[in-house]
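Single-structure report; data block below.
We did not get these values from a lab; they are worked out from the coordinates using the rules stated. Computed from a prediction, not measured in an experiment: that's the story for all the values here.
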């Protein structure tokens, strides 16, 4: 049985570490630290032309003198892989390099911070634009698992019965235990008409189940409207690029219809753009009122996002529906309206995604989605890990779902009829 070979010649303490690197190892490491500088020193900028504060040589000096970091170890691992790995012909240097960068971000221990390869960056951008091919489910990491945050309405995921809180244990039989959410999304997406199999565990089930889902084009209107018995029911499925424009038209229509109340349905809405959340919340608040507080590690950068002048819906009694799949921007809107007593919140406690990720472009079209801040409601309540607790808790069971019953919506209608 083989074993690793070690000897005193592997690490020669008498020489400076940079003299021990092979030429290839030194080049690789220099590139590595330049990338490292790129994301450590420029988190507030969005341009991929960001200046690099430290040169590669300077970073090598810094790391070489650190008691906690041994840059020589990186080069040694690189060389060992290239010299001793069984299937050398399968080694892809770019995959190793991206893996190293991804490992740095993963080591932060933050499930929302992740390195995105150029392909993953493109996929992520397309999702925010509102059109992509896949199953229509928002995925995140929570309590050490990949979980379904929400299945978007009328998508393959919803039709297959995937629900908020379902744990994804494997994707096409590949273990998903340590996958980032973005890695999982990349595997789940694919050409229209192809099938992806998810191994899923749902709370209350005795065992896991394999769910086969046929991929399709996911292009969901982010805002829909209907008037029912003098009640305006507005469903917001996400806070995307088109949401503000669509909502402006719907808000005007609601005013023209002069409803007895508004039901704002944010259930299974995984969030989206912060600016869109601020824009929509402004319809219920006075200009200048704080909608969300943003707190950074450097408190001098703390920020407040305030309501802007909009057509007002504040005079119309409003119920906001939320559930475990309401996250991020949904929690900002519902939390602000709750703090100002502008709406009653009905349903279940929301997901608890209250941290701010900035998508930082890098020079080769890859990017880092990095947590840079946390959100607080106007009254200073923490959203991350806590969620927004409803004023009136109403459950919706699997049995309700299967029978096309909606006790949460029914409760909202009841409250508005009083």
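Per residue, the average separation of C-alpha pairs within less than 8 Å and at least 6 apart gives region 134-225 a relative contact order of 29 percent. Please work out, to two decimal places, the log10 of the ratio I(q)/I(0) at q = 0.21, 0.22 Å⁻¹ from a Debye calculation in which every Cα of region 131-218 carries one identical scatterer. Debye curve over Cα of region 131-218, log10 I(q)/I(0) at q = 0.21, 0.22 Å⁻¹: -0.95, -1.06.
Across region 172-249, counting alpha-carbon atoms alone, Rg and Dmax equal 17.8, 50 Å. Computed log10 I(q)/I(0) for region 336-380 at 0.18, 0.31 Å⁻¹: -0.71, -1.11, from the Debye equation with unit scatterers placed on every C-alpha and solvent omitted.
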